[in-house]
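Accompanying notes for the structure given below.
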Amino acid sequence: MKFQQFESQDVAASALAQQVAADLAAAIAARGRAVLAVSGGRSPVPFLHALSQQALDWSRLTVTLVDERLVPVQHADSNAGLVRDHLLQGAAASACFLPLVGAAQSLDSELATARACWQTPDVAVLGMGDDGHTASLFPGAANLAEGLDPANRDALIAVQPPLAPHARISMTLAELLRCGRLYLAIAGDSKRRVMEHATRTLSAAQPVSHVLQQTQTALHVYWAP
């Protein structure tokens, strides 16, 4: 794990966008296409805006999601809606978007469709909750062990969070580790304390600890106050 500290969230978002764009450009140069998985929520919005301004051959890029709620795209909690509003604008609108949820009627059918269309990302950008969850790998979820199994062949799983609203589809830890590069973007002192504890204690109580302590895939943490 490489930890990088920035003076403000805007500076961190700009630096992360530049580095992710460089990674994607390298993947496009190597094999003609690249795949990026991004997280939802409000925290990534400055990063998504900054990334949309990067000079990339967007037509050769597929954008997908680290996780998604079982809601229609018009719903306020839809990660797909967030990405469309804040990333896929201007030149970035020419990217191919691969959502995880369609009509949001059946979790099983949505998961089957998402698995059939899935492409392993070259780059994945994660967030983290104060409870230590990342993607939709929540502490206390019934199938968390499956989600955290590094030998799991499945890229995606269905998740019923114990406390958070909406059923979810999430990347597994195993699929995250199959990505070319991983980034974790967090902000604020409380999340830094959660992250620092998770770097010392490997526990299902803090699923992000399994990302932070693995050595299989390069992980870069971007933090700002």
Criterion violated by residue 36 - all others in (1) surrounded by fewer than 23 Cβ atoms within 10 Å (Cβ to Cβ); (2) in contact (Cβ under 8 Å) with a residue 24 or more places away in the chain satisfied: (1)
Within the stretch 196-209, can one find any residue that is closer than 24 Å to residue 101 by Cβ, at pLDDT 95 or above and under 13 Å from the mean Cα position of the chain (by Cα)? yes
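Can you confirm whether the stretch 124-144 contains a residue that is of a type in the set (D, E, K, R), under 18 Å from residue 78 (Cβ atoms) and modelled with pLDDT of 95 or more?
Checked the stretch 124-144: no residue is of a type in the set (D, E, K, R), under 18 Å from residue 78 (Cβ atoms) and modelled with pLDDT of 95 or more.
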Residue check for residue 94: in contact with a Phe, Trp or Tyr (Cβ under 7 Å, 6 or more places away or on another chain) and hydroxyl-bearing (Ser, Thr, Tyr): yes
Checked pairs for the stretch 144-165, first under 16 Å from residue 121 (Cα atoms) and crowded, with 16+ Cβ neighbours inside 10 Å, second of a type in the set (Phe, Trp, Tyr) and modelled with pLDDT of 95 or more, C-beta under 6 Å and 6 or more apart or across chains, list as 155/118
Picking from 120, 199, which residue would you name as being touching a Gly at 6+ places or on another chain (Cβ under 9 Å), in contact (Cβ under 8 Å) with a residue 24 or more places away in the chain and surrounded by fewer than 20 Cβ atoms within 10 Å (Cβ to Cβ)? 120
Only one of (1) in contact with a helix residue (DSSP H, G or I) (Cβ under 6 Å, 6 or more places away or on another chain); (2) under 23 Å from residue 13 (Cβ atoms); (3) not in a loop (DSSP other than H, G, I, E, B) is not met by residue 193, so which one is it? (1)
Note on the stretch 83-102: residues of a type in the set (Gly, Ala, Ser) and out of contact with any Asp or Glu (no Cβ under 8 Å at 6 or more places or on another chain) are 90, 91, 92, 93, 94, 95
Look at residue 109 and say whether it is of a type in the set (Ser, Thr, Tyr), surrounded by fewer than 20 Cβ atoms within 10 Å (Cβ to Cβ) and modelled with pLDDT of 95 or more. yes
Residue list for the stretch 53-70, restricted to those being of a type outside the set (S, T, N, Q) and in contact with a Pro (Cβ under 9 Å, 6 or more places away or on another chain): 65, 66, 68, 69
For the stretch 153-174, enumerate the residues that are within 20 Å of residue 105 (Cα to Cα), in a loop (DSSP other than H, G, I, E, B) and at pLDDT 95 or above. 160, 161, 166, 167
Taking the condition of being more than 15 Å from residue 54 (Cα to Cα) and among the hydroxyl-bearing types (Ser, Thr, Tyr), how many residues in the stretch 10-40 meet it? 1
Just to be sure before I move on: is residue 115 of a type in the set (Lys, Arg), in contact (Cβ under 8 Å) with a residue 12 or more places away in the chain, surrounded by fewer than 23 Cβ atoms within 10 Å (Cβ to Cβ) and within 20 Å of residue 97 (Cβ to Cβ) in the structure I sent? yes
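The values are calculated or read from the model by the stated rules, or taken from the named source; none is laboratory data. Treat the numbers as computed from the prediction; the structure is a model and nothing was measured. Ideal geometry is used to build each Cβ from the backbone, glycine not excepted, and the neighbour counts take in all protein chains shown.
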